[in-house]
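Have a look at the structure below before the remarks.
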């Protein structure tokens, strides 16, 4: 029900926003040729993936 309320208000759930950011970072890492920039982007990507996984794990526990 909460997602339907968010959807009707044109608000994207945080999990979906994280997925969008992860995809964007993946593409940027792939196209980056600067090793320093690439390392920084990979770190940001790892943080976003970890945040997403923790959020999904937390949501799974709350649904039981």
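Side notes on the structure shown:
- Computed per residue of the chain from DSSP H runs no shorter than four, each worth -39500 (n - 2.57), the mean residue ellipticity at 222 nm is -28000 deg cm²/dmol.
- Degrees, to the nearest 10: 35-62 long Cα axis against longest axis of the chain: 20 degrees
- When only Cα pairs below 8 angstrom with a gap of at least 6 residues are kept, the chain shows a relative contact order of 34 percent.
- All alpha carbon pair distances within the chain were sorted into 10 Å bins beginning at 0; the resulting P(r) in whole percents reads 20, 38, 27, 13, 2.
- 0 to 90° range, to nearest 10: angle between helix 14-31 axis and the chain longest Cα axis: 20 degrees
- Peptides ranked, highest mean first, by Cβ atoms within 10 Å: ranges 28-38, 11-21: 11-21, 28-38
Where a number appears in this text, it was derived from the coordinates with a stated rule and is not lab data. What you are looking at is a predicted structure, and each value in this text was computed from that prediction instead of being measured. Using ideal geometry, Cβ is built from the backbone for each residue, glycine included, and neighbour counts are taken over all protein chains shown.
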